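Visitor: Got a structure here, written out as structure tokens. Questions coming.
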Amino acid sequence: MTDHFPKAHWVCRTADSVQVTKLQCELKIHPIIAHLLVARGVDSPEAAEAFLRPTMSDLSDPFLLPDADVACARLQRALATKERIQVYGDYDGDGVTSTALWTRMLSALGADVVPFVPHRKRNGYDLRVDGVEEAARNKCKLILTTDCGIQRVDEVEHARQLGLDVIITDHHLPHGQLPAACAVVNPHRDDSRYPCKDLAGVGVAYRLGEALVRTLGGSVSGYQRAYIDLCAIGTITDIMPLTHDNRILVSHGLNTLADSRKPGIRALIKLATADRKSSSEITVETISYGIGPRLNAASRMGETDLALQLLMTRDENEADHLAGRLNQMNIARREDQSKILAEACQQAENYPEHRCLVIAGEGWSAGLVGLVAGKLLEQTGRPAIVIACDPETNEGRGSARSIPAFHIADALKGCSDLLKEFGGHAGAAGFSIALKNVPELRSRINEIADTCLSDSDLARVINADMRISLDELSEQLVRDIYKIAPFGNGNPQPLFVSEGCRIAEVKTMGKEQEHLRLLFRAEGVNGDDVIAAPLWRMGQYAAEFERISSLDICFALAENTFNGRTRLQLDIRDFKVPDW
């Protein structure tokens, strides 16, 4: 009956009790909240105050970004002389939000701007020669990249030979030589003094845009309000850690999204909140599961420009129409993804001994293999590489997702002679490969995995925050926990472990009685000393649960509102049966 749960090893964070008590006393906060903060490295009253009440004034100085002053001077000259500027972005959610930000902002300053978002299949990822030459044909004098360009030495040199200046704004890791651009603005540069290294591409654009407004003597607060919505969407969609500056940007962005003046964003929010049905509140989940997939569906399904058009339009009717088209693409994307995933899972059964899965298939969309690799990783706990094979070109486009113990970019580097090009980081990577080399890649990368991965590395682990009793739960605790939000990468939703939880009742629910609803005894909770926990798609196990007196559970806290009444509820992530 545990098939729907990860059967993981639970590891609880530790927190220094002296620091917990100090935070609790000085800030007058709940001891559990103090524990959560200290366990996350927020271990001083000053840091906790800033964490719990993020303000835009706490953002780092944007001029600490490398070449920020040089970039602003070049952009100021372009504005003064009315030079045409090509904003060269990427086709994912981060890329299109940052392209829209630069295009809207520079246009508002009077610039002649031509946005360019590459087509995933025709142009490929990153700054390419064909995009540079299009800029030259359009009589641009300056190319401003966003969310791309840091590794494109040859393409930048080609632009210079055509008489174009280039400003690179990017957040991907530099590899060796930097391009000879007018300015290379990237917080990952070795000489960067910017404290937050993990800005998204749109985060780099947003902060550099602020620096430009300061240079021009404009209203910084007005600029911040105008574009924080795009910054929050791109940062969340690109799964950046919600810490430091990103926490501030996303916190304020989420608070402004409902009042966004951009018709395209309002249309996306309408669709995303309709998905959730029970809540119209805009959270990280609204973006991650509602807005981001729809923006990304454009490039994954072959119509990249639609996402940018939606973020740029000022017409309500056009926004609704474009959002509807993206919605239909996202539905088709889900169907295609499910089909590819089913085929990939079937292939994976052929490699039960492999520590790293390498799966390849014809007729698969290169825009979906990354999502499928992520799902394979979730389901198997093993690093996964999924390759879309094109027999016409005899080439495959691969995408990889990995676990913390296996640096997938380094592993691919060890196979670089088999690859045409590759890039990435510890957890994710992409590459192209001649089809004849796929079997050798599978063999060699598993040789690498065998040398550095143990069985314990592949064991599933859930990192929980602390052990508590269900009797400690309260509505006030839930409200206090949400002061730690927004939750996401780098600041996960708190998970708790509670052992020996007494089951008061087992109920089935759903049209087909396909779900379960467990009621646990919890003294003083919800006014009737019980708290519910739904177990989705587990109705068939009702008889087994009725024979169990207690469970050890790992869970997040939630609230359920029904008929105007709100009650605490448990979102169970894993469970163990102590008396079996």
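Derivation of every value follows stated rules applied to the coordinates shown; laboratory data play no part. For clarity, every value in this text was computed on a predicted model and none was experimentally measured. Methodologically, a virtual Cβ is constructed for each residue, glycine included, from the backbone with ideal geometry; neighbour enumeration extends over all protein chains shown.
Visitor: Expressed in nm to one decimal, what extension gain is obtained for the pair S432 and T215 from 0.36 nm per residue of sequence separation less their Cα-Cα distance?
Guide: 73.9 nm
Visitor: For the range 290-354, what class follows from the C-alpha gyration tensor (a ≥ b ≥ c being the square roots of its eigenvalues): rounded when a/c is under 1.5, otherwise prolate if a/b is larger than b/c, else oblate?
Guide: Prolate, since a/c reaches 1.5 and a/b exceeds b/c.
Visitor: How many nm separate the modelled label positions at E49 and Q177, each set 7 Å beyond the Cα in the direction of the Cβ?
Guide: 5.1
Visitor: Can I ask one more? Cut-off is 10 Å between beta-carbons; in what order do Y194, Y88 appear when sorted fewest neighbours first?
Guide: Y194, Y88
Visitor: Points 7 angstrom from Cα along the Cβ direction at A274 and Q513: gap in nanometres?
Guide: 3.5
Visitor: Counting only helical runs of four or more DSSP H residues, what would the 222 nm mean residue ellipticity of the chain come to if each run contributes -39,500 (n - 2.57) and the total is spread over all its residues?
Guide: That calculation yields -12500 deg cm²/dmol at 222 nm.
Visitor: Report the gain in length on full extension from N560 to K139: 0.36 nm times residue separation, minus Cα-Cα distance, nm rounded to one decimal.
Guide: 145.8 nm
Visitor: Please list 3J(HN,Hα) in residue order for the range 35-40, calculated via the Karplus relation 6.51 cos²θ - 1.76 cosθ + 1.60 where θ = phi - 60°; whole Hz, with x for glycine and proline.
Guide: Here the 3J(HN,Hα) series is 4, 4, 5, 4, 5, 9 Hz.
Visitor: Continuing with this model, one more query. Within the range 417-460, report the trypsin sites (Lys or Arg not before Pro) that DSSP leaves as loop and that have at most 16 other Cβ atoms within 10 Å.
Guide: Here the trypsin sites (Lys or Arg not before Pro) that fit, given the DSSP loop and packing criteria, are R460.
Visitor: Once all Cα-Cα distances of the chain are split into 20 Å bins that start at 0, what whole-number percent is in each one?
Guide: 19, 51, 28, 3
Visitor: Taking R0 as 41 Å, what's the FRET efficiency between C12 and V129 from their Cβ-Cβ distance, rounded to 0.05?
Guide: That pair, C12 with V129, gives E of 0.20.
Visitor: Could you derive backbone 3J(HN,Hα) for the range 303-319 from the dihedral phi with the Karplus parameters 6.51, -1.76 and 1.60 (θ = phi - 60°), listing whole Hz in sequence and x where the residue is Gly or Pro?
Guide: 10, 3, 4, 4, 5, 5, 4, 5, 6, 9, 5, 10, 10, 4, 5, 5, 4
Visitor: With θ set to phi - 60° and the Karplus curve 6.51 cos²θ - 1.76 cosθ + 1.60, what are the ³J(HN,Hα) couplings of the range 349-363 in order, to the nearest whole Hz, using x for Gly and Pro?
Guide: Using θ = phi - 60°, the values come out as 5, 7, 10, x, 8, 7, 7, 10, 7, 10, 10, 9, x, 7, x Hz.
Visitor: Using only the Cα atoms of the range 62-219, build the gyration tensor, take square roots of its eigenvalues as a ≥ b ≥ c, and label the shape rounded, prolate or oblate: rounded if a/c is under 1.5, else prolate if a/b is larger than b/c, else oblate.
Guide: Because its axes are fairly even, with a/c under 1.5, the range 62-219 counts as rounded.
Visitor: How far, in degrees from 0 to 90, does helix 201-216 lean away from the longest principal axis of the Cα atoms of the chain, to the nearest 10?
Guide: That works out to roughly 50 degrees.
Visitor: Hey, what does the equivalent ellipsoid look like for the range 349-458, semi-axes from the Cα gyration tensor as sqrt of 5 times each eigenvalue, largest first, whole Å?
Guide: Working through the eigenvalues yields semi-axes of 20, 15, 13 Å.
Visitor: Right, next: Past 22 Å, Cα to Cα, is the threshold; run K82/K121; K139/K420; K28/K483; K82/K139 against it and keep the listed order.
Guide: Exceeds cut-off: K82/K121; K139/K420.
Visitor: Once fully extended, how much extra length lies between D112 and S549, figured as 0.36 nm per residue of separation less the alpha-carbon to alpha-carbon distance?
Guide: Length difference between fully extended and current span is 150.3 nm.
Visitor: Report, by chain and number, residues whose modeled amide H sits under 5 Å from the one on C501, excluding near sequence neighbours (fewer than 5 apart, same chain).
Guide: Here L551, D552, I553 satisfy the definition.
Visitor: Sticking with this one: Counting other Cβ atoms within 10 Å of each Cβ, which chymotrypsin sites (Phe, Trp or Tyr not before Pro) in the range 439-509 have at most 16 and sit in a DSSP loop?
Guide: Y482
Visitor: Quick one: if the Förster radius is 60 Å, what FRET efficiency do D571 and R77 give, using the C-beta to C-beta distance and rounding to 0.05?
Guide: 0.65
Visitor: With a cap of 14 neighbouring Cβ atoms within 10 Å, and only residues DSSP puts in a loop, list the trypsin sites (Lys or Arg not before Pro) found in the range 467-567.
Guide: K483, K511, R537, R547
Visitor: Within 10 Å of each residue's Cβ, count the other Cβ atoms and sort C452, C148 from fewest upward.
Guide: Lowest count first: C452, C148.
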